[in-house]
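The values are calculated or read from the model by the stated rules, or taken from the named source; none is laboratory data. Keep in mind that this is a model prediction, so the values were computed, not measured. Counting neighbours? That spans all protein chains shown, and the Cβs are built from the backbone with ideal geometry, glycine included.
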Amino acid sequence: MGVDMDMNIMEQYKKAINFTGDLSKGQKIIMNNIVSFGQDKGVTVETIKKVTDISRQAASVHLQRLMKRNFVFRKKDRIYKYIANEDRLNELLREYLIAEKLKK
């Protein structure tokens with residue numbers, strides 16, 4: 001995945017994130033933002049703070065919990081940048097697609 005990530009898969013990931021009961025409201029907001037920015041460079045806490053109504057402290061707490069549950073990881077590039085774990089995104093997507101299929 002990258003900034004030029006296929007829009008279809010990005011939208012599917014977002015739907016899956018919003019569908020799941022595994023994430024809190026704040027975690028869903030953060031995950032959606034990370035997916036929106038793409039996987040190439042990651043997203044900083046400051047960027048998340050600027051594009052959401054979540055405070056820096058709340059964003060940090062949510063990110064710590066997401067890291068603990070292996071939904072995101074961080075890398076240091078002068079500052080910490082957060083990247084979604086694609087395996088976990090795919091798990092959420094499978095769950096969502098199964099649920100959608102069962103609705104029919």
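Observations, loosely collected:
One line per residue, one yes/no per condition, for (1) on the phi < 0 side of the Ramachandran plot; (2) hydroxyl-bearing (Ser, Thr, Tyr):
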{"site": "47", "(1), (2)": "yes, yes"}
{"site": "52", "(1), (2)": "yes, yes"}
{"site": "59", "(1), (2)": "yes, no"}
{"site": "73", "(1), (2)": "yes, no"}
{"site": "78", "(1), (2)": "no, no"}
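- Matching entry among 98, 79 (being β-branched (Val, Ile, Thr) and touching a residue at least 12 places away in the same chain (Cβ under 8 Å)): 79
- Index of the failed condition, residue 74 passing every other in (1) at pLDDT 90 or above; (2) loosely packed, with under 13 Cβ neighbours inside 10 Å: (2)
- Residues that are free of Cβ contacts under 8 Å to residues at least 12 places away in the same chain, farther than 17 Å from residue 69 by Cβ and assigned to a helix (DSSP H, G or I), drawn from the stretch 6-45: 7, 8, 9, 11
- Within the stretch 9-27, being of a type in the set (Asp, Glu) and under 25 Å from residue 56 (Cα atoms) holds for one residue alone: 22.
Here is a yes/no grid of residues against (1) among the aliphatic types (A, V, I, L, M); (2) surrounded by fewer than 17 Cβ atoms within 10 Å (Cβ to Cβ); (3) out of contact with any strand residue (DSSP E or B) (no Cβ under 9 Å at 6 or more places or on another chain):
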| position | (1), (2), (3) |
| --- | --- |
| 22 | no, yes, yes |
| 48 | yes, no, no |
| 53 | no, yes, yes |
| 59 | yes, no, yes |
| 91 | no, yes, yes |
| 95 | no, yes, yes |
| 98 | yes, yes, yes |
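- Verdict on residue 38 being in contact with a strand residue (DSSP E or B) (Cβ under 7 Å, 6 or more places away or on another chain) and at positive phi: no
- Scan of the stretch 34-46 for residues that are crowded, with 20+ Cβ neighbours inside 10 Å and over 14 Å from residue 80 (Cβ atoms), ordered by number: 35, 37
- Residue, surrounded by the most Cβ atoms within 10 Å (Cβ to Cβ), within the stretch 77-89, restricted to residues that are more than 19 Å from residue 22 (Cβ to Cβ) and basic (Lys, Arg): 81
- Flag for residue 68 being out of contact with any Ser or Thr (no Cβ under 8 Å at 6 or more places or on another chain), at pLDDT 95 or above, farther than 14 Å from residue 13 by Cβ and not aliphatic (A, V, I, L, M): yes
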